[in-house]
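What follows is a single structure, written as structure tokens, with notes after it.
The values are calculated or read from the model by the stated rules, or taken from the named source; none is laboratory data. Computed from a predicted structure; not experimentally measured. Backbone-built Cβ (ideal geometry, glycine too); neighbour counts: all protein chains shown. In case anyone asks, the SASA skips ligands and DNA or RNA and just uses the protein heavy atoms, side chains included. Shrake-Rupley method; radii C 1.70, N 1.55, O 1.52, S 1.80 Å.
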Amino acid sequence: MTEQKIPCEMIQDLLPLYMDGLTSEATVQEIEKHMEGCGECSDILKRLRADIREKSAKQQSERKQEVDFLKKVKRSAAKKIAAGIAIVMVLFVLAVFLKLYVVGFRNRSYVVLYTNVYEDCFEVSGMCCEPGEGASTMCYAPAVSVARYRIEKKADGTSELIIDTCLPSFFHPDSDFCVKIGYDEIGIGLYAGGVLIKPDGSVIGKMANDVFAARNPYVGDVMADGRLVLALGMMEEMGGATTELHTAKEPCGWTFHYTDSVRNGIRFDERMMDYACVLIAMTDNLSEVSWTYTVETEAGTVERSGHVTQEECDAYVGSPVKDFADSPEGVQELLDILDI
């Protein structure tokens, strides 16, 4: 029986399936057997395989170019992000530097050292303390410098001297200030570091303003009593004490029992008399102040006491002490009389 030859057209139609491995084993054997004797089909198979290799290489090249492009875009985006972060950090550091060393912060702890009154202006000189220190603190080596000052108008017709301070630097090396302010800027008075400067040149100190603000209508108000004692700074000078309030019947009284021994009883009594006059003046229903303490003598520790009435304070000061409580100016006059 004569072997039947498969036409080239059929073999060529099967070549794509043959190359993809989709033909049966019998068909593969027939195609390969045909290739051994047919140069034309063998050439076509070679060209198909070459086309596939070329197409695959082209696809790989395109994919590589796409990957390279994406990597380039990613690197560019990363550089832009890094540059943006660097710019933000530089701007942040610059802003912090400017705030700390150039612009500064409002300082509420500066101390007014002296004031001068001229025909056309006031001159206020002082020194700045670190923020958080008390305005009464004298700062001989402050860690801040004066950046600028401004005058702030208030609704009550007064003005306030605002001092901004920053960390010492080449831009602002000085911790003290000397400001000249025109009369038209201060209104009915200028507050500077708790001090009130009146247009007539009179000065009301911070303590006088604080004591006036702490005026107490009723000695039985323990919180108000404490504010008045703090405003006077009694504890700093006289020491710690426990207190008794006598409000059950008139005359109302206030007794201080000092816990620390003192060295000079005469001086202690004199100073307590001064403070008692202010306490009676600034507490509407207070008529008597008493105190007890111990003093060290050659014979040992001795207990002593003192007592003063409103009438005795009036005689001591030379005027009714409660009349001084009606204004900051009056309080300042009383403090000046008593050298507080």
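Determine, for each peptide in 7-13, 322-328, the mean count of other beta carbons within 10 angstrom over its residues, then list the peptides with the highest first.
Ranking, from highest mean packing down: 322-328, 7-13.
Remind me, relative contact order of the chain in percent, using alpha carbon pairs under 8 angstrom and six or more residues apart?
Once normalised by length, the contact order is 9 percent.
Rounded to the nearest 500, what is the chain's calculated 222 nm mean residue ellipticity when only DSSP H runs of at least 4 contribute -39500 (n - 2.57) each, over all residues?
-14500 deg cm²/dmol
Could you tell me what percent of the accessible area of the range 180-227 is made up of carbon and sulfur, with a 1.4 Å probe and every protein chain present?
In the range 180-227, the share of accessible area belonging to carbon and sulfur is 60 percent.
Take the chain, compute every pairwise Cα distance, and split them into 20 Å bins from 0; I just need the percent in each bin.
For the chain, the pair-distance distribution reads 20, 29, 15, 7, 8, 11, 8, 1.
Could you look at the range 20-77 and say what percent of its accessible area is carbon and sulfur, using a 1.4 Å probe and all protein chains?
The value for the range 20-77 is 52 percent carbon and sulfur by accessible area.
Over the chain, with a Gaussian network built from C-alpha contacts below 10 Å, which listed residue (Ala192, Ala276, Ala77) shows the highest mean-square fluctuation?
Ala77
How much of the accessible area of the range 233-340, probe 1.4 Å, is carbon plus sulfur, in whole percent?
Percent of accessible area from carbon and sulfur atoms in the range 233-340: 46.
Roughly how many Å² is the accessible area per residue of the chain, as a whole number, for a 1.4 Å probe?
61 Å²
Estimate the FRET efficiency between Tyr218 and Asn116 by the formula 1/(1 + (r/R0)^6), using the beta-carbon distance for r and 51 Å for R0, to the nearest 0.05.
0.80
Sorted by average packing, counted as other Cβ atoms within 10 angstrom per residue and highest first, what order do 94-102, 80-88 take?
Highest to lowest by the protection proxy: 94-102, 80-88.
Working only with C-alpha atoms, what are the Rg and Dmax values of the range 258-340, expressed in angstrom?
14.2, 47
So, by mean Cβ neighbours within 10 angstrom, what's the order for 176-182, 52-58 with the highest one leading?
Per-residue mean Cβ counts within 10 Å order the peptides as 176-182, 52-58.
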